[in-house]
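> Sharing a structure here in structure tokens format.
Read the figures in this text as sums done on the coordinates, not as results from a lab. What you see is a predicted model, and the numbers here were worked out from it, not measured in a lab. In this analysis, Cβ positions are derived from the backbone assuming ideal geometry, glycine residues included, and neighbour counts consider all displayed protein chains.
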Amino acid sequence: SDGVTAGECARGFDLLPSLAQLGMAEPMDDPRGVLRFVGGEAAALRRVRHYLWDTDCLRSYFETRNGMIGADYSSKLSPWLAHGCLSPLKVVEEVGRYEAARVKNKSTYWLIFELLWRDFFRFYAVKHGNAIFKLGGITGERREWVTGAQAAERLRRWKEGSTGLPLVDANMREMAATGFMSNRGRQNVASYLALDLAVDWRLGADHFEGLLLDYDVASNWGNWVSAAGLARAGRVNQFNIVKQGRDYDADGAYVRLWCPELRAVPAEYIHTPWEMPQQLQDKLGVRIGEDYPSPLAVPPGHAFRGAYAGGRRPATGNAPIGGRAPNTDRFGRRPSDGGGAGEPGA
């Protein structure tokens, strides 16, 4: 009735005003980003073809999935899945074709396994309903959380990537700049906010919701309530951020990529820069507390003075909380992974 043709209607989103028409600048791509994500089914199918057929990266997915730098350490299909541009059944179909034509191994199994976790969190959300959004999570546990100005300051530094823990800071800066973060990174930053900083985990989930390209309700909130140790009674998995950094970014390449102020720091100190002698800090021009922040909280076993002795710590202090030794290798009940096709960070 207003002159729009059937062909124009078929173009759908092409009819929406551009950013320029709305008086907004085009977004800038950060060259450090893992991938330039472009929306739509055609782009999604190109990515499937690239990861499975063109590069044969699926063959080694199990070995590379915990990476944090580059386009092909994992499938990176999660944004298209989250927005409905790609069907998980299409991914399963393509993996089946790949297994028949190339190889069927642990990597092909693991990619499908990640899609099953995607489904799991949807059923989990249906079963538990609004409990996944409550402070006490599924368990309803009452815990001492930092509040007021102290919580606001910790949350601010976490969001900005200025906690003083290089692995956390690098991941938070990547998400802010690109809208993406590896699954390995997400597990660590979530554990740090909820269990080391004792900040209301829902504030972290909400921040992820606002920034991630692959956000979906069930995966985001289900993973966050698990990271906070509130998905199952008696199970809290607190990540040792320093150990995780040494395990998955041993040479510090990822940290240096996103925290350029630490580029001169040798590998020995890249994940614990506060341990550098003052003389070395002066020599490198990396003074902790000036050029790079002092840590808000240091993981178990890496306290400023003395080792972690276990036992519950007050949630209002800088020491990590939790009544048992942290499990550094698992996230809830899930296998340690770096993100598959359907899981966030994939």
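> Compare the peptides 88-99, 138-149, 192-203 by average per-residue count of other Cβ atoms within 10 angstrom and give them in order, highest first. Present the calculation step by step, with values, prior to reporting the outcome.
Values: 88-99: 16.3, 138-149: 14.1, 192-203: 25.0.
For the peptides 88-99, 138-149, 192-203, the packing ranking is 192-203, 88-99, 138-149.
> Can you tell me the order of 160-169, 284-293 when each peptide is scored by its average per-residue count of other Cβ atoms within 10 angstrom, highest first? Provide the component values of the computation, followed by the final result.
On the way: 160-169: 24.5, 284-293: 14.9.
Ranked by mean Cβ neighbours within 10 Å, highest first: 160-169, 284-293.
> Take the Cα coordinates of region 182-236, assign each an equal point scatterer, and use the Debye formula without solvent to give log10 I(q)/I(0) at q = 0.23 Å⁻¹.
Debye output, listed in q order: -0.86.
> Further question: I need the peptides 220-231, 114-125 ranked by packing, meaning the mean over residues of other C-beta atoms within 10 angstrom, with the highest value on top. Numbers along the way, then the final one.
Numbers: 220-231: 25.5, 114-125: 18.8.
Highest-to-lowest ranking by the protection proxy: 220-231, 114-125.
> Moving to a separate point now. Determine the distance separating the Cα centre of region 10-74 from the Cα centre of region 197-222; give it in Å without decimals.
Using only Cα atoms to place each centre, the spacing works out to 21 Å.
> Check the straight Cα-Cα distances from residue 76 and name the lysines below 26 Å, setting aside those fewer than 8 residues away within the same chain.
Result set, ordered by chain and number: 90, 104, 106, 159, 243.
> With a sphere of radius 14 Å drawn around the Cβ of residue 199, what net charge do the other residues whose Cβ falls strictly inside it have (Lys, Arg +1; Asp, Glu -1)? Mind showing how you got there, number by number?
Details: positive: 143, 154, 156, 157, 159, 202; negative: 144, 153, 160, 196, 200, 206.
Local net charge: 0.
> Hey, how much of the P(r) for region 30-128 falls beyond 24 Å, as a percent of Cα pairs? Before the final figure, lay out the partial values.
Numbers: 1022 of 4851 pairs.
When all Cα pairs of region 30-128 are counted, 21 percent exceed 24 Å.
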